[in-house]
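Here the structure is laid out as structure tokens; the discussion comes afterwards.
The values are calculated or read from the model by the stated rules, or taken from the named source; none is laboratory data. Quick caveat, the model's predicted, so the values are computed rather than measured. As a convention, Cβ positions derive from the backbone with ideal geometry for all residues, glycine included, and neighbour counts pool all protein chains shown. The protein model used for the area step is the full one, side chains on, heavy atoms only, and it has no ligands, DNA or RNA in it. Shrake-Rupley method; radii C 1.70, N 1.55, O 1.52, S 1.80 Å.
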Amino acid sequence: YWKENASESALELEPTPAYNASLASDAALLPLATHLRTIFSNHNVNPPTIQVTHAQTVALLHIWATQRGLNSNGSDGVGGFELTLLLAFLVQTKRIGARTAPHSAF
């Protein structure tokens, strides 16, 4: 993620766009994780059951994406985090209910 500055005689490293993007991505993870926890625990039913259901739904979404060649291999594609964000959006907009069975999400 670093490149050498060829104009300096001493070894000096400059940040690259990939490094800067990596830092920005890492900085956004904690607020996103907090937001996801709020969405998935914001129900008046048994939270452990809901968390298991959402985890199973994300697992099925991951299988679905893999079968269609959409999974992340390197930097391209859709990974588990993106699928979790998609599920959070669907739960938040009430397109998928808190008690929806994983196979019913499709």
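Restricted to the range 1-30, and to residues that are at pLDDT below 80 and aliphatic (A, V, I, L, M), which residue is least open to solvent (accessible area, probe 1.4 Å)? For the range 1-30, the residue satisfying everything is Ala10. Ile39 passes every criterion in (1) modelled with pLDDT of 80 or more; (2) out of contact with any Ser or Thr (no Cβ under 7 Å at 6 or more places or on another chain) apart from (1). Give the residue that is modelled with the highest pLDDT, with candidates limited to residues of the range 45-81 that are of a type in the set (S, T, N, Q) and over 17 Å from Ile96 (Cα atoms). The qualifying residue modelled with the highest pLDDT is Gln67.
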